[in-house]
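Beneath this line is the structure, given in structure tokens, with notes to follow.
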Amino acid sequence: MLRREMIKALAAVPLLAGAAARTGSAGADGGPLTTGTTARVRQNDPGWPSLAQWDALRQQTGGRLIAVRSPLADCHSAPDGAACRELFRDLKNPYAIGDHVALTQTTGWVDAWTSQPSVYAVAARDTADVVAAVNFARENNLRLVVKGGGHSYLGRSNAPDSLLIWTRWMNAIVAHEGFVAQGCAGSAAPQPAVSVGPGAIWGRTYNEVTTKGGRYVQGGGCLTVGVAGLVLAGGFGSHSKQFGTAAANLLEAEVVTADGQVCIANACAHPDLFWGLKGGGGGSLGIVTRLTLRTHDLPNFFGGAFATITAQSEGAFRRLIGRLIAFYADTLFNPYWGEIVTLRPGNRMDIRMAFQGLDQQQAEAIWRPFFDWVVAAMPHDFIYQLAPTIRSIPARRRWDPAFLKAYVPGALFVDDRAGAPTDNVFWAANLAEAGHVIFGYESLWLPAGLLQRGHQEELADSLAVASRLAPVELHFQKGLAGGSESARAAARNTAMNPKALDAFALAIIGGEGPPAYPGLAGHSPDLAAARKSAAEVGSAMAALKRLASDGGCYFAESNFFERGWAEAYWGRNYQRLAAVKQKYDPAGLFFVHHGVGSEAWSPDGFTRVAAGSR
Ligand SMILES: Cc1cc2nc3c(=O)[nH]c(=O)nc-3n(C[C@H](O)[C@H](O)[C@H](O)COP(=O)(O)OP(=O)(O)OC[C@H]3O[C@@H](n4cnc5c(N)ncnc54)[C@H](O)[C@@H]3O)c2cc1C
């Protein structure tokens with residue numbers, strides 16, 4: 001968003017907020033709000049709470065206040081020691097990272113942020129713990145952070161000198177046959193649903209809902225991402241073209257607001273907050289302590305189509321991209337197909353597509369013309385590095401760890417810590433991101449108009465140019481064009497950028513390196529490589545932006561340095577989101593990088609800034 005437009009949008013907020021006076025239990029008579037806060041307190045400031053005050057919070061939360069110690073401390077004192085070696089081993093295990101209060105999945109982003117532990121954390125077990133922590137942070141003017149799955153690429157779930165609410169152990173999963181949101185009896189029919197604690201991760205949720213329960217719930221691809229963080233961001237999974245975004249499937253949330261009140265938000269109670277939670281991004285409007293999501297009937301089958309093709313020349317690669325685009329537009333641009341095609345430097349195309357509702361023969365028949373065309377030009381133009389493989393499985397086995405370990409052993413890794421649950425598995429495809437350091441990362445929604453005959457050539461040209469510089473991932477399931485009418489209709493009633501509805505895919509371009517921390521002997525990020533990679537990512541994305549300069553991008557998967565982030569993440573919905581923020585958190589207790597209302601704060605979230613100075 002242009003600075004001018006952002007200021008205009010914000011200027012309208014108090015009026016909107018005033019027009020929509022708060023009602024019901026959500027803090028109308030709640031605790032004091034420190035509306036005058038201009039600077040939050042740091043650990044070494046005189047205003048930092050005394051040990052006695054921390055002790056009182058510890059008692060209030062049943063002993064669940066933790067003084068956080070980073071395992072990095074061992075590395076600083078003994079970089080070659082056993083503890084440091086173990087830390088770097090654990091950083092390749094997403095479960096080990098998730099179970100550690102001081103760690104995050106991304107260890108940092110060169111020139112943007114480095115994962116830093118909070119001073120204290122409340123390892124919350126119930127809503128009362130969250131209320132106590134929110135009240136304590138507000139009353140003591142602290143920087144507050146909330147972490148669930150810890151998978152934020154943008155460093156939104158860690159901050160130094162902060163109090164962390166860690167929801168990892170609030171992970172109950174309860175299925176309902178006929179759920180009616182509170183206050184909606186009479187206006188909404190009972191429907192199948194699942195209530196999930198904010199610390200639950202998707203792998204366990206799928207195992208409960210699909211493997212054990214025979215139903216479908218819309219979540220994300222990565223099994224160790226947190227349910228709350230994904231739903232609040234919007235949330236796309238392999239089959240979102242059919243079932244919609246995760247946010248659009250939210251039926252109700254229990255939320256602790258900035259005034260420490262527990263609020264039920266749904267279509268009938270606090271509908272403004274409910275709408276804001278559906279894609280407005282985690283960490284800005286309140287702390288969610290329970291989410292209830294619609295569940296769907298399972299299709300008969302899920303499956304995937306895989307191949308890796310290398311072209312023998314740039315010309316052949318350009319033809320391959322053109323063919324893929326035409327094939328996608330004619331055959332796959334519908335609710336059955338999602339997931340990723342990656343175009344890589346070196347003229348390589350990785351096809352990793354997923355489908356729902358088709359059997360093996362149907363899926364094979366769909367892909368035959370494309371693969372026949374490739375084979376006809378082999379070996380002169382193309383070679384297979386991975387020959388086409390199409391697999392369809394009974395839907396109920398889609399996320400069944402035992403089945404997957406036996407049927408597609410190479411596709412999964414296990415949590416190899418002693419005593420780890422056998423269901424702790426993760427996709428091999430997500431290994432690179434465990435503990436990684438980001439060098440550069442950007443996303444862009446590609447409008448469906450680019451698939452029309454007259455535009456396919458320029459799309460293929462731009463993809464060819466971009467993929468010479470950096471790997472270009474086309475995440476087809478993260479654009480809702482071509483999706484089912486129900487998926488698209490439900491998404492219209494969320495805070496996400498409406499551009500997602502008109503996009504056939506989200507293009508993601510990124511560069512990354514292994515786990516590393518600045519200043520750590522033997523484990524520092526390679527800054528020269530990182531900055532070169534960041535420049536390549538930027539140039540590659542510039543080639544795509546020539547096609548869709550205002551396409552917008554996805555809050556959870558975007559550039560830390562995104563200019564005009566409010567417009568890019570939410571489009572015309574930002575003004576309404578800002579009004580929800582003003583109503584439920586006028587003092588700005590909740591802050592995340594480029595979150596709703598964050599323009600009122602310094603980049604680290606500690607100092608309030610004058611309007612227009614950021
Ligand atoms: C390997 C990997 C794969 C991914 N795959 C997908 C994908 O397939 N589809 C997709 O849409 N996204 C995907 N993402 C992005 C992911 O959905 C977001 O990063 C998401 O926000 C992570 O949620 P989390 O709980 O794991 O992370 P956290 O870092 O714990 O939280 C993320 C944000 O949500 C806030 N938050 C967390 N819990 C709460 C709560 N209870 N109440 C309020 N705010 C809260 C945090 O403050 C933070 O701002 C992926 C990310 C990674 C790292």
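Read the figures in this text as sums done on the coordinates, not as results from a lab. Predicted model, so just to flag it, every value in this text is computed and none were measured. Cβ atoms come from the backbone with ideal geometry, glycine included; neighbour counts cover every protein chain shown.
The calculated FRET efficiency for SER602 paired with GLN182, based on their beta-carbon distance and R0 = 51 Å, is about 0.85.
Exceeding 18 Å between C-alpha atoms, which entries from my cross-link table qualify? They are LYS499/LYS581; LYS241/LYS499; LYS147/LYS581; LYS241/LYS478; LYS478/LYS532. Checking Cα-Cα distances, LYS499/LYS581; LYS147/LYS581; LYS478/LYS532 exceed 18 Å. Axis angle, to the nearest 10 degrees, between helix 360-376 and the longest C-alpha principal axis of the chain: 60 degrees. Only helical runs count toward this figure. For the chain, summing -39,500 (n - 2.57) over DSSP H runs of n ≥ 4 and dividing by all residues gives -8500 deg cm²/dmol at 222 nm. Label-to-label distance for ARG563 and GLN43 is 3.7 nm, based on points extended 7 Å past Cα in the beta-carbon direction.
A crude spin-label estimate for the pair ASP55 and ARG417, with each label 7 Å from Cα along the Cβ direction, gives 3.1 nm.
By the count of other C-beta atoms within 10 Å, a proxy for reagent exposure, ASP526, ASP272 are ordered fewest to most as ASP526, ASP272.
Under the criterion of Cα pairs below 8 Å and six or more residues apart, the relative contact order for the chain equals 18 percent. The slack between LYS405 and GLN360, meaning 0.36 nm per residue of separation minus the straight C-alpha distance, is 14.2 nm. Note on region 395-451: with charges restricted to the Cβ of Lys and Arg (+1) and Asp and Glu (-1), its dipole about the Cα centre is near 280 debye. Cysteine residues of the chain whose C-beta has no other cysteine C-beta under 4.7 angstrom: CYS222, CYS263, CYS553. Give me the percent relative contact order of region 477-614, please, defined on Cα pairs under 8 angstrom at least 6 residues apart. It comes to 19 percent, rounded to a whole number.
At what distance in nm do the modelled label points of SER539 and THR389 sit from each other, each positioned 7 Å from its Cα along Cα→Cβ? For the pair SER539/THR389, the computed spacing is 3.5 nm.
For region 569-611 versus region 474-488, the spacing of their alpha-carbon centroids is 29 Å.
Phi angles across region 384-393 convert, under the Karplus curve 6.51 cos²θ - 1.76 cosθ + 1.60 with θ = phi - 60°, into 3J(HN,Hα) values of 8, 8, 10, 5, x, 9, 10, 10, 10, 10 Hz, Gly and Pro given as x.
The ranking of HIS151, HIS523, HIS239, HIS436 from fewest to most other beta carbons within 10 Å of each one's beta carbon is HIS523, HIS436, HIS151, HIS239.
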